[in-house]
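First up is the structure itself, then whatever we jot down about it.
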Amino acid sequence: MNRYTVSLFTENFIGILNRVTLIFTRRGVNIDALTASESKEDGVHRITIEVTTTEEQVIQIVKQTEKIIDVIKSFYYKDDEVVYQEIALYKIPISSLDPGLEKVIRQYNARIISAEKEFVVIEMTGHKEDTKALLEILKDFNILEFARSGRVAVAKPMGTIEQYLNN
Amino acid sequence: MKDSRIRGAEIVIKSLVAENSEYIFGYPGGAIMPVYDALYDYADQIKHVLTRHEQGAIHAAQGYARVSGKVGVCMATSGPGATNLITGIADAMIDSTPLVCITGQVASALLGTDAFQETDVVGFSMPGTKWNIQVRRVEDIAPAIAKGFHIARSGRPGPVLIDITKDAQNDLGEFNYVPCLGIRSYRPYPKVKETQVAQAAEVINSAKKPYVLYGQGVVIGKAEEELKAFLDKTGIPAACTLLGSGALSEDHPQYVGKLGMHGNYAPNMLTNQCDVLIAIGMRFDDRVTGDLKRYAKQAKVVHLELDNAEIDKNVKAEVAVLGDCKESLPMLTEKVNQNSHEEWLKEFRTLEEKEKSAVVSLDLLPTKSGLTMGEVIRYINDYKKDDAILVTDVGQHQMIAWRYFKYKTTRTQVTSGGLGTMGFSLPAALGAQLADLNRQVVCVVGDGGIQMTIQELGTIMQTQSPVKVVLLNNNFLGMVRQWQQLFFDKRYSFTELDNPDFIKIAEAYNMKTSKVTEREDLSDSVAEMMIHDGPYFLEVVVEKEDNVFPMIPTGCSVEEVRLS
Ligand SMILES: Cc1ncc(C[n+]2csc(CCOP(=O)(O)OP(=O)(O)O)c2C)c(N)n1
Ligand SMILES: [Mg+2]
């Protein structure tokens, strides 16, 4: 089992996400994280899905997703074939604000993006391991809430969806 | 100025007419009533067949599509009407049958409110359709239908579902039908690569014992002639899958038989002896391969296939030729050497003799008193024309009929292969018959399966389709009983049936009938049925506990075929 990023370029139609995830569900492959956004091409949507599975399985999944009428093209990558980031938000009670916290924030290259009367929100971008490490530390600062996005990823190989659309 | 707009419901019908649809198989209800109302004025342009159940409608559309090669159309109302289509949708998906299913839906303002007869049929059918869509605006109806037809029939065909809200059916819109010619995210026919063909030719040219397996892809691609040309030049022995039957005449000198669990002995055994396995338009279903770990491991596999997801799915290909075999086969035929494989073919013929004495002769020329299913098929062969269509249900009779029916021409085989849907045959036979009234259609069905869609005798009556129904009655869910006998210590748990008087039922539907219990009556009854020019119902009471052999038990290798 390995971690893979499945990257799909699709039309932006109702139900497309449903159709895509059904292919994972049917094969009993759990989706670790998922993001959807627009892409560089007008009207082309991209879905990025992180899974832990075997290479055989991920190849099958990619081929099956390509059979979906509104999927333009699917790819899969190992972690070293993509540049990816995740964003994490941490909600900390105002009472925890002290020099110790400030040090942690600096150390992790995190930043405070919002300060309210009762809490502050810290943001950090990075890989899961890093945002998780910060989470562990912030538990000592009575963290109130934590949320992390799925990965957004761009591929290192140079082929583009544009080339595919134009040929 | 006169308003040129028409109702959405009429746009539905005009779109179907624009697609040259000949038949709609359907069943009305509240949410589709505007379309039925519009249909009333189009009886001269499109025929509607009122089945007795929506499952009957979709299986009939499947039978029609499989015989005609065109898109089958079926229609149902929302809620229960739509959900009754689901089995047929799944069946059409796995057997690659082109269908457009149109369902009515509650008015768009009511969507999501649990309105009367509202079901999320788009959600229900999403994993089972090639494509589906809900249309909520009148202007989207024609484009959706155009797109649906294009998707259903192109590439690897499949079922499409178009759910149309009642307000869209009632609203007024312009009708301007533009057929769909392409979708940017959908490439149904990948271009065949010369390099792949060249590699395939090289592997085939150096083979000592090459072996061709052909499937329904050849029929779908209308590549029967191309297959024959390839075989004629190369001299390679060829075996077929269940749905590939008929793509090549069984009279062809290199035809060696049928593959799979209840296929022929030689084609299964020798799969593990060949050195190059050439799979053409087939998908290595588990009923064909048995245990994959012991399947053709010695062979280099060349796979000609249109659906990229089938390549390397079950069996790894040494050379994959992606594309329509209609295109790839002639390219390959040009590059391969003229050859013959007499010695290798003899190996098939030797094993064939073994099957003949151990199984076939007992099935076709039984000496025991009870009637066998095999001898019924033998008589059907005697009286049928070359292009007669065999429609079968699911079970022992399906496998026996398939084994012994003489397939001479293409599109003569209609059965539920991938899904194994009991109840498929009666409505499918009706659809098959309507696709071509000049061809004989024989529906071979079991006493279990017929009772799943027996109401369609009513549709046969109303349409007066000259379908020949052959009920092989063993008073058992025979195939399940066979497994119970072989693998569950003969514990016949809930497989014996107390059956009704089938002849009375058929007579109630005004069918000409006959019932055979004795061997001496069989030939005459089959003959009478085959020349009768209307619907006919023949019940043959067969031996209760006969088994279908050869058999490759689940999980066994193709070499572990049992002859008894
Ligand atoms: C809808 C459905 N339910 C259950 C089955 C499982 N099944 C496969 S064959 C079979 C028995 C069929 O009995 P019958 O129609 O009498 O045919 P026979 O095998 O006796 O020829 C059953 C129950 C099935 N294939 N389809
Ligand atoms: Mg039976």
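The lone criterion from (1) under 30 Å from B:S465 (Cα atoms); (2) within 16 Å of ligand 1 (Cβ to nearest atom); (3) surrounded by fewer than 14 Cβ atoms within 10 Å (Cβ to Cβ) left unmet by B:F476 is number (3). Only one of these is of a type in the set (A, V, I, L, M), in a helix (DSSP H, G or I) and within 14 Å of another protein chain (Cβ to nearest Cβ): B:I151, B:I141. Name it. Exactly one residue qualifies, and that residue is B:I151. A Cβ distance below 8 Å, combined with a sequence gap of six or more or placement on separate chains, defines the contacts here; from segment B:477-489, residues that are more than 10 Å from ligand 2 (Cβ to nearest atom) reach residues that are open to solvent by 80 Å² or more (accessible area, probe 1.4 Å) in the pairs B:Q484/B:K490; B:Q484/B:R491; B:Q485/B:E545. Residues in segment B:157-182 that are out of contact with any strand residue (DSSP E or B) (no Cβ under 6 Å at 6 or more places or on another chain) and acidic (D, E): B:D167, B:D171, B:E174.
If the condition is being within 14 Å of another protein chain (Cβ to nearest Cβ), part of a loop (DSSP other than H, G, I, E, B) and not hydroxyl-bearing (S, T, Y), then segment B:154-182 contributes B:G155, B:R156, B:P157, B:G158, B:C180, B:G182. No other residue among B:T87, B:T103 is in contact with a His (Cβ under 9 Å, 6 or more places away or on another chain) and under 25 Å from B:S154 (Cβ atoms) apart from B:T87.
Look at segment B:397-426: where a residue is within 13 Å of B:K385 (Cα to Cα) and a partner is within 16 Å of ligand 2 (Cβ to nearest atom), sitting 6+ places away or on another chain with Cβ atoms under 7 Å, you get B:F405/B:I377.
Select from segment B:381-399 the residues that are open to solvent by less than 30 Å² (accessible area, probe 1.4 Å) and either more than 16 Å from the chain's Cα centre (by Cα) or more than 16 Å from ligand 1 (Cβ to nearest atom) (or both) and list them in ascending order. Spell out the reasoning first.
Quick first cut of segment B:381-399, residues open to solvent by less than 30 Å² (accessible area, probe 1.4 Å) only: B:384, B:388-393, B:395-399.
Once the filter is applied, which keeps residues that are open to solvent by less than 30 Å² (accessible area, probe 1.4 Å) and either more than 16 Å from the chain's Cα centre (by Cα) or more than 16 Å from ligand 1 (Cβ to nearest atom) (or both), segment B:381-399 yields B:K384, B:A388, B:I389, B:Q396.
When each of B:E520, B:E528, B:E507 is tested for being farther than 26 Å from B:A429 by Cβ, of a type outside the set (S, T, Y) and away from ligand 1 (no atom under 16 Å from the Cβ), the lone residue that passes is B:E520.
Please work out if B:Q455 is within 13 Å of ligand 2 (Cβ to nearest atom) and farther than 19 Å from B:E543 by Cβ. The answer is no for B:Q455. Filtering segment B:402-456 to residues that are β-branched (V, I, T) and part of a helix (DSSP H, G or I) leaves B:I450, B:I454.
All of B:R491, B:R439, B:R411 fail the test of being under 28 Å from B:V561 (Cα atoms), more than 11 Å from ligand 1 (Cβ to nearest atom) and open to solvent by 10 Å² or more (accessible area, probe 1.4 Å), apart from B:R491. Screening B:Y509 on (1) open to solvent by 20 Å² or more (accessible area, probe 1.4 Å); (2) in contact with a Gly (Cβ under 8 Å, 6 or more places away or on another chain); (3) more than 21 Å from B:P535 (Cβ to Cβ) shows it passes everything except condition (3).
Checked against (1) within 14 Å of chain A (Cβ to nearest Cβ); (2) charged (D, E, K, R); (3) touching a residue at least 60 places away in the same chain (Cβ under 8 Å), B:D91 passes all but condition (1).
Set side by side, the residues A:K156, A:K139, A:K132, A:K128 differ, and just one is modelled with pLDDT under 95 and open to solvent by 90 Å² or more (accessible area, probe 1.4 Å), which is A:K156.
Tell me, which strands (runs of 3 or more DSSP E) wholly within segment A:1-98 include 2 or more residues that are open to solvent by less than 70 Å² (accessible area, probe 1.4 Å) and within 11 Å of chain B (Cβ to nearest Cβ)?
On the way: elements: A:2-11, A:31-38, A:44-53, A:71-78, A:82-93.
Those strands (runs of 3 or more DSSP E) span A:2-11, A:44-53, A:71-78.
Does B:A76 meet the test of being more than 30 Å from B:I6 (Cα to Cα) and either of a type in the set (A, V, I, L, M) or over 29 Å from the mean Cα position of the chain (by Cα) (or both)? Talk me through it step by step, then tell me what you get.
Details: more than 30 Å from B:I6 (Cα to Cα): no; either of a type in the set (A, V, I, L, M) or over 29 Å from the mean Cα position of the chain (by Cα) (or both): yes.
Answer is no for this residue.
Evaluate segment B:123-136: report whether one residue or more is away from chain A (no Cβ under 13 Å) and either farther than 25 Å from B:A429 by Cβ or under 24 Å from the mean Cα position of the chain (by Cα) (or both).
Taking segment B:123-136 and keeping what is away from chain A (no Cβ under 13 Å), we get none.
There is no residue in segment B:123-136 that is away from chain A (no Cβ under 13 Å) and either farther than 25 Å from B:A429 by Cβ or under 24 Å from the mean Cα position of the chain (by Cα) (or both).
The values are calculated or read from the model by the stated rules, or taken from the named source; none is laboratory data. None of these values were measured; they are calculated from a predicted model. In this analysis, Cβ positions are derived from the backbone assuming ideal geometry, glycine residues included, and neighbour counts consider all displayed protein chains. The accessibility values were calculated without ligands, DNA or RNA, using every heavy atom of the protein model including side chains. Shrake-Rupley method; radii C 1.70, N 1.55, O 1.52, S 1.80 Å.
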